Structures are given as C-alpha cells and as structure tokens.
Amino acid sequence: MWEKIKPEELNENPFSLIGEDWMLVAASDGTKVNAMTASWGGVGILWGKKVAFVFIRPQRYTKELIDKSEKLSLSFFDDGNRKMLNYMGTVSGRDEDKIAACGLHVEMVNSAPVFQESRMVLICRKLYAQPMEEACFLDHELIEKNYPNRDYHTVYVVEIEKILVQRQ
C-alpha cells in the first residue's frame with residue numbers, strides 16, 4: 001500500500017540512495033513504458049522548488065519516452081534487487097519487454113509509471129532539459145573517463161511532485 005510523504009520527510013542519504021543503491025528512471029509516452037537504471041543524479045532546491053536531477057545518454061530508449069512526456073518517476077528498491085537493476089541497465093527496451101522479463105508490475109500515478117515492487121517512488125514533472133556540451137567541461141579528464149564516444153548526457157531537472165513509500 002502506498003503512502004504519500006512530503007519531501008521534507010525523506011530521511012535517506014541521497015549519496016547512498018542514488019550512487020550506491022541505484023534507481024530506475026521510468027517514463028511513458030502514453031502507450032509504452034520503459035525504464036533504465038541510473039546511478040547519477042541528486043536532489044535539492046532550485047528555483048524555489050524541490051527538485052531531482054538525472055542524466056540520460058542520447059542513445060537510451062528511455063530518453064525517447066522522457067522527451068515525449070511531461071512526467072517521469074524515480075523508483076528505489078529494497079536490497080536484493082541488484083540483479084534486476086543490472087538487467088534493467090544493460091538491456092534495451094527497444095529490443096524486448098525488460099519490465100516483464102524482470103517480473104515488474106507498472107501502475108500509472110499522475111501520468112508517471114510506478115513499479116509496484118519498489119519501496120519508494122518520486123513522481124516528477126520535467127522543468128528543464130539540456131544536453132551537456134564538451135566546451136562546458138572545466139575538468140577535461142572527465143571527458144576521456146566518461147565520454148570516450150562523446151555521447152554526452154542530457155541533464156533533466158524535475159520537480160518532485162509526490163513521494164510514495166510502501167507501508168505494510
């Protein structure tokens with residue numbers, strides 16, 4: 001059963017939550033849903049709003065759906081889901097229904113896909129998107145380390161509209 005909490009009630013370490021535990025970024029174009037694993041991002045305050053920011057490479061199928069939708073979700077799972085998260089991050093939704101292959105169940109909440117198996121979901125509305133540019137990197141070592149193919153991410157800043165947590 002989902003329970004709504006306020007962003008101020010989120011007491012988890014974002015460095016662990018995103019960087020170590022990982023998340024699924026999901027979107028729908030109204031007919032299809034896809035998700036991808038992400039470990040780059042964060043949360044904070046921008047423009048007087050509670051926001052999250054995520055980074056998506058241009059070749060990712062999920063990016064196509066994010067670009068067609070107003071909303072997206074960031075889903076977090078209990079320990080023991082690393083195999084599923086690895087799979088969701090390495091297989092393309094263009095090639096197969098990886099959501100079904102992982103046994104995940106989707107429900108739409110405020111036009112954003114939510115995974116029933118997740119322990120927490122941030123429902124978000126896109127505010128800003130911008131492709132990263134090579135000329136903007138101040139530390140050029142980051143380019144060689146992270147972008148040998150020059151496939152720079154698009155940065156999305158999204159407003160956190162709702163946080164849902166699973167309650168027993």
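State in Å² the accessible area per residue of the chain; use a 1.4 Å probe, count heavy atoms of protein chains only, and round to the nearest integer. Write out the running numbers ahead of the final one.
Numbers: 9180 Å² over 168 residues.
Value returned for the chain: 55 Å² of accessible area per residue.
Using a 1.4 Å probe on the protein heavy atoms, what percent of the accessible area of the chain belongs to carbon and sulfur? Mind dumping the intermediate values first?
Values: 4550 of 9180 Å².
Exposed carbon and sulfur together represent 50 percent of the surface.
Among the listed pairs 32/83; 68/162; 4/49; 6/98, which are separated by more than 29 Å between their Cα atoms? Write out the running numbers ahead of the final one.
Details: 32/83 23 Å; 68/162 20 Å; 4/49 18 Å; 6/98 31 Å.
Over 29 Å apart, Cα to Cα: 6/98.
For residue 40 and residue 117 in one chain, what is 0.36 nm times their gap in residues minus the Cα-Cα distance, to one decimal in nm?
Stretched fully, the residue 40-residue 117 segment lengthens by 25.6 nm.
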Inset, instruction - Rounded to whole Hz and in sequence order, give me ³J(HN,Hα) for the range 11-20 from the Karplus expression 6.51 cos²θ - 1.76 cosθ + 1.60, θ = phi - 60°, writing x for Gly and Pro. - result: 10, 9, 6, x, 5, 6, 4, 8, x, 10
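Given a Förster distance of 25 Å, report the FRET efficiency between residue 2 and residue 145 from their Cβ-Cβ distance, rounded to the nearest 0.05.
Values: r = 39 Å, r/R0 = 1.56.
Approximately 0.05, to the nearest 0.05.
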Inset, instruction - Let me have the 222 nm mean residue ellipticity of the chain computed from DSSP H runs of 4+ only, each contributing -39500 (n - 2.57), with the sum over all residues rounded to the nearest 500. - result: -4000 deg cm²/dmol
Inset, instruction - Measure out, as a whole number of angstrom, how far apart the alpha-carbon centroids of the range 129-167 and the range 26-56 sit. - result: 11
Legend entry - Candidate aspartates and glutamates for bridging to residue 126, where Cα separation is under 15 Å - those fewer than 8 sequence places away on the same chain excluded: 29, 64, 67, 70, 159, 161
Inset, instruction - Could I have the simple spin-label model distance between residue 29 and residue 92, label points 7 Å from Cα toward Cβ, reported in nm to one decimal? - result: 1.4
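What does the extension gain come out to for residue 67 and residue 12, with contour length at 0.36 nm per residue minus their alpha carbon separation? Don't skip to the answer; put the middle values down first.
Numbers: separation 55, 0.36 × 55 = 19.80 nm, distance 2.85 nm.
16.9 nm is the gain from fully extending residue 67 to residue 12.
The values are calculated or read from the model by the stated rules, or taken from the named source; none is laboratory data. Every value quoted in this text rests on a predicted model; they were computed, and no experiment measured them. Virtual Cβ from ideal backbone geometry, glycine too; neighbours counted across all protein chains shown. For accessibility, only protein heavy atoms count, side chains too; no ligands or nucleic acids. Shrake-Rupley method; radii C 1.70, N 1.55, O 1.52, S 1.80 Å.
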